[in-house]
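Worksheet: the structure to be examined is printed underneath.
The values are calculated or read from the model by the stated rules, or taken from the named source; none is laboratory data. Remember, it's a predicted structure, so these values are computed and weren't measured experimentally. With ideal geometry, Cβ positions are generated from the backbone for all residues, glycine too; neighbour counts draw on all protein chains shown. When the accessible area is computed, the model is the full protein with side chains, heavy atoms only, and any ligands, DNA or RNA have been set aside. Shrake-Rupley method; radii C 1.70, N 1.55, O 1.52, S 1.80 Å.
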There are 2 protein chains.
Amino acid sequence: MERTLIKDLRPQMDQPVSLRGWIHNLKKFKEFAFVTLRDRSGLLQMILENEEILGGLRLEASVAVTGVLQANPRAPMGFELLIQEISILGEAKYELLPFAINGRQIDASLEKQLDHRTISLRRMDQRAIFKVQQEITQVFRDFLTGEGFTEIHTPKIIGIETEGGSDVFMLDYFGTRTFMAQSPQFYKQMMVGAGFERVFEIGAAYRAEPHSTWRHLNEYISLDLEMGFIENEEDLMDLEEGLIRAMIQHLKTAAGEALEILGVTLPEVGRIPRIPLSRAQEILLELFDKKSPVGNIDAEGEKLLAGHVKKEYDSDFVFLTKYPASKRPLYTMPDENLEGMTRSFDLIFKGLEITTGGQRIHDYDQLTASILKSGGRPEDFDFYLESFKYGMPPHGGLAIGLERITMMFLGLDNIRQATLVPRDLNRLKP
Amino acid sequence: MERTLIKDLRPQMDQPVSLRGWIHNLKKFKEFAFVTLRDRSGLLQMILENEEILGGLRLEASVAVTGVLQANPRAPMGFELLIQEISILGEAKYELLPFAINGRQIDASLEKQLDHRTISLRRMDQRAIFKVQQEITQVFRDFLTGEGFTEIHTPKIIGIETEGGSDVFMLDYFGTRTFMAQSPQFYKQMMVGAGFERVFEIGAAYRAEPHSTWRHLNEYISLDLEMGFIENEEDLMDLEEGLIRAMIQHLKTAAGEALEILGVTLPEVGRIPRIPLSRAQEILLELFDKKSPVGNIDAEGEKLLAGHVKKEYDSDFVFLTKYPASKRPLYTMPDENLEGMTRSFDLIFKGLEITTGGQRIHDYDQLTASILKSGGRPEDFDFYLESFKYGMPPHGGLAIGLERITMMFLGLDNIRQATLVPRDLNRLKP
């Protein structure tokens, strides 16, 4: 008999149905037992009257069930399944479950949940996070494809250090010292110049920063885009504003059920204010007597500013613009109208940065000079620089951390909750 | 003025239009010049009458152009653009182009083309390959999502060797020896068990095999899927048959233009024959007097068999099934009806393997025994094995190399042609 998913069951089904899933809960009474079946789509209350079978059932065993539906106004779905046959497909061979997953919530630390990821994810509310995440990548692709972007895949093993120095993971490549890419930055720029004009990549990025925080991972998925023939960084912010709006809109429909399970209401996205960093620092000083570090705003400042923007503009999002050159990578386009500043921006959502972006230098000589100024040697950037000899158009782009935006949209406390199998300073398993 | 793409130009446009792109070709005559503009969408013949401007133009500079369309029956599109204004956006600063890209084909070795990837990709026929590739990933996702699969992202840095021994790249992870994943095998199985039931991943895979061949890469994109609650490996072949059919169908429409540029006609996909390996070996011996290695078919044998299948079944595809356990990974499900054989398969397309798949062992004790039998230590597989204690359902999956299937569908000679920026034994740049 063809398998039916729990979510596709209808009370009027009067033929036997066949189901697959895991034993989510068992409650034994004198004459019968309630058995809750869980499949990827939901939970179903079932009635088992055969005591002999019941004896062989354990929580989390996977089973095949055949039975008939019968009305029961007190059952969660208004009906339940009277079990005719049940057979075990995958045996439960544990001594004790690491923690119960059929209660209101998991009574275990996040670390323990991550240690036993294949157990914690069995809860629908845990898997719902990744439904939302999947739809974030889906709308990212759909929106950009609609804007004429091409999806690319670029190598993560690279022969030179791209950005930063010590924060890279080293890899032995047939005896050569190589590094894991911190971002597809160079390659995505090169692909703009290679004639694709507009590209995006959804791929892994590696940061060997030796810290464990609630908002960082050492291996994460970066949603990257790069766009040629722009006027300036305003084009990028226009694009991202449209993207974020499309994202929220898409999630509300495509992941509506998951959002409901998670009890999350997504923000409205109107016009996102664009505030130069220096102005933001002034606001913090004027309104909150809060001093900021040179060329930046610290975590507390971002929070305060977010509150101000929410009050003033009714927006959960704010672009901070015009970061100083000293705080941005060497390829960042200087702003010719603002000495020392660049055509760059961060997107802050509820007080946390979710995007870094900006226009890039596209002139060969200007980029060479910028490499030299930063203390680098142009010959170390040979293959990257070469692309700029052949008419590289004005361009720029941005990157969004997938796990971080998932965490922020869902109001989670820790980025690991939005990561199936996280890698951090202390976590190499599972 | 809003930019128009070349492909969106219509002869009846009688207002000035604004274009962006690269100088693809220049032909100077006495009173004027033909300038060919190239953007991501196509080529356009333009007429430039201002000699002064012409002097500043070089091949491959990127430009902004304004002008009006005029009919010209001899122009490739039936019309051409009379340039009113042209300005350089990105200067050409090379001494000599590494090779010409505006001829009928590139007159340079593949290696040289890869050395200068941002030049070779400027040709539409090169970029067309990646349009096809993008649509392969698109239909992979769409088809599987339609079948209830969830897209996942799993870590590529792993604390244990998953498959094989010496063929892994080693990574220093904060002082700990780790490895780059050869496949998401363990994680995708775990995610099936974690309640997703059906998962797929499009991600990088790493093989440190020290050889350079026309069909291998050291870093490639793997299209992976894993499916729970299957009966046996036939379910997987059924799924893949549907997937391949959907793929070909989708490519014909979504990448029709790219296929035309590349001069490629995709095969029809009917019922794909399923032939046990041992029977295939017999066929080779009987029909071609061709001996095969134990438990396998060599490259020549695959070619011969493909020819036979084409003649006998009119199919470019064939599933080879029932590989011996000794030739398959330790997690492969033995076939209880065929001593020493497994519930595994390869999909061969025109004589080259494009998929490996099979049912996996789902019982904890059986898997432990298989690890021991293969000479492994169960404690090295602790986090993977743990998942099997909690009612792992019968499951299986398969993997398709993205670059390889792109190469094969397009009839390319070398897998590097289907890779934007390849990594092989000798190639770490660009």
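Compared with the dominant principal axis of the Cα atoms in chain A, helix A:299-313 is inclined by about 90°.
Seen against the Cα atoms of chain B and their longest principal axis, helix B:124-146 is set at about 40 degrees.
Where chain A is carried onto chain B by rotation, the Cβ closest to that axis, with its residue and distance in Å, is A:LEU171, 3. The H on the amide N of A:ASP335, modeled in the peptide plane, is under 5 Å from the matching H of A:MET341, A:THR342, A:ARG343, each at least 5 residues off or on a different chain. Give the percent of DSSP beta bridges with both residues in chain B that are antiparallel, rounded to the nearest 5. So the antiparallel bridges amount to about 90 percent of the total. With a 10 Å cut-off between alpha carbons and a GNM built on chain B, which of B:ASP172, B:ASP238, B:ASP316 moves the most? Top of the fluctuation ranking is B:ASP172.
Of B:SER292, B:SER109, the residue with the largest accessible area leads and the full order is B:SER109, B:SER292 (1.4 Å probe).
In sequence order, segment B:383-388 has phi-based couplings of 5, 6, 4, 3, 4, 7 Hz under the Karplus curve 6.51 cos²θ - 1.76 cosθ + 1.60, θ = phi - 60°, and Gly or Pro positions carry x. Sorted largest first by accessible area at a 1.4 angstrom probe radius, with every protein chain in place, the residues B:GLU209, A:GLU403 fall in the order B:GLU209, A:GLU403.
How well do other chains shield peptide A:84-93, expressed as the mean number of their Cβ atoms within 10 Å of each residue Cβ? If you can, show how the numbers build up before the last one.
On the way: counts 0, 0, 0, 0, 1, 8, 14, 9, 5, 9.
For peptide A:84-93, the averaged partner shielding equals 5.
The overall shape of segment B:115-258, judged from the alpha-carbon gyration tensor, is oblate: a/c is not under 1.5, and a/b is no greater than b/c.
With the convex hull constructed from alpha-carbon coordinates only, segment A:197-249 shows a mean projected area of 5.2 nm² over all directions.
Once the chain from B:SER87 to B:ALA100 is taken as fully extended at 0.36 nm per residue, the excess over their C-alpha distance is 2.4 nm. Springs join every pair of Cα atoms under 10 Å in this Gaussian network model of chain B, and among B:VAL318, B:VAL269, B:VAL35 the largest mean-square fluctuation is at B:VAL35. Expressed as a fraction of 2.2 N^0.38 Å, the value expected for a compact globular protein of N residues, the C-alpha radius of gyration of segment B:74-126 is 1.47. Dipole magnitude for segment B:124-418: computed about the Cα centre from +1 point charges on Lys and Arg Cβ and -1 point charges on Asp and Glu Cβ, it is near 440 debye.
Please state the shape class of segment A:6-96: rounded when a/c is under 1.5, otherwise prolate if a/b exceeds b/c and oblate if not, all from the C-alpha gyration tensor. Verdict is prolate for segment A:6-96. Set against the 2.2 N^0.38 Å expectation for a compact globular protein, segment A:210-332 has a Cα radius of gyration ratio of 1.23. Legend: Rg and Dmax of segment A:124-418, from Cα coordinates, 19.1, 57 Å.
Label point of A:ASP107 (7 Å along Cα→beta-carbon): distances to the other copies' equivalent points are 8.0 nm, sorted ascending. Can you tell me what percent of all Cα-Cα pairs in segment B:284-387 are more than 18 Å apart? Result for the distance tail: 56 percent. Hey, which of these cross-link pairs are over 23 Å Cα-Cα: B:LYS27/B:LYS93; A:LYS156/B:LYS350; B:LYS93/B:LYS429; B:LYS252/B:LYS310; A:LYS291/A:LYS327? The answer is A:LYS156/B:LYS350. Please list 3J(HN,Hα) in residue order for segment B:183-191, calculated via the Karplus relation 6.51 cos²θ - 1.76 cosθ + 1.60 where θ = phi - 60°; whole Hz, with x for glycine and proline. For segment B:183-191, the Karplus-derived couplings read 5, x, 3, 4, 5, 5, 4, 4, 6 Hz, x marking Gly and Pro. Across the identical copies, the 7 Å label point of A:THR176, projected outward along Cα→Cβ, sits 2.9 nm from its counterparts, in ascending order. Computed over chain B with a Gaussian network model linking Cα atoms closer than 10 Å, the most mobile of B:ASP14, B:ASP235, B:ASP298 is B:ASP14.
Comparing the full protein assembly with the isolated chain (1.4 Å probe, heavy atoms, ligands and nucleic acids excluded), the residues of segment A:200-246 losing at least 50 square angstrom of accessible area are A:GLU219, A:PHE229.
How large is the accessible surface per residue of the protein assembly as shown, computed with a 1.4 Å probe and reported in Å² as a whole number? Could you put the intermediate results ahead of the total?
Numbers: 34870 Å² over 860 residues.
Ligands and nucleic acids excluded, the figure is 41 Å² per residue.
In segment B:333-430, the alpha-carbon atoms span a convex hull of 174 Å³ per residue.
Normalise the Cα radius of gyration of the protein assembly as shown by 2.2 N^0.38 Å (N = residues in it) and let me know the number. List each step's numbers first, then the result.
Numbers: Rg = 29.0 Å, N = 860, 2.2 N^0.38 = 28.7 Å.
Working it through for the protein assembly as shown, the quotient is 1.01.
Under the combined filter of DSSP loop state and at most 11 neighbouring Cβ atoms within 10 Å, segment B:201-248 retains these GluC sites (Glu not before Pro): B:GLU231.
Each residue of segment A:368-374 was assigned a 3J(HN,Hα) from its phi angle through the Karplus expression (A = 6.51, B = -1.76, C = 1.60, θ = phi - 60°), giving 4, 4, 5, 4, 4, 4, 7 Hz with x at Gly and Pro. For chain A, with all protein chains in place and a probe radius of 1.4 Å, 48% of the accessible heavy-atom surface sits on carbon or sulfur. In the distance distribution for segment B:97-139, Cα-Cα pairs more than 15 Å apart total 43 percent.
With the charge dipole of the protein assembly as shown set up from +1 on Lys and Arg Cβ and -1 on Asp and Glu Cβ about the Cα centre, the Cα lying farthest toward the positive end among the listed residues B:SER41, B:ILE119, B:ILE405 is that of B:ILE119.
Accessible surface buried by the B/A pair amounts to about 8000 Å², both sides summed, 1.4 Å probe. The slack in the chain from A:GLU282 to A:PHE34, taken as 0.36 nm per residue of separation less the alpha-carbon distance, amounts to 82.9 nm. Plainly put, the tip 7 Å out from Cα toward Cβ on A:PHE29 is 9.4 nm from that tip on each other copy, the closest given first. Ranked from largest to smallest solvent-accessible area, with a 1.4 Å probe on the protein heavy atoms, B:HIS153, A:HIS211 come out as A:HIS211, B:HIS153.
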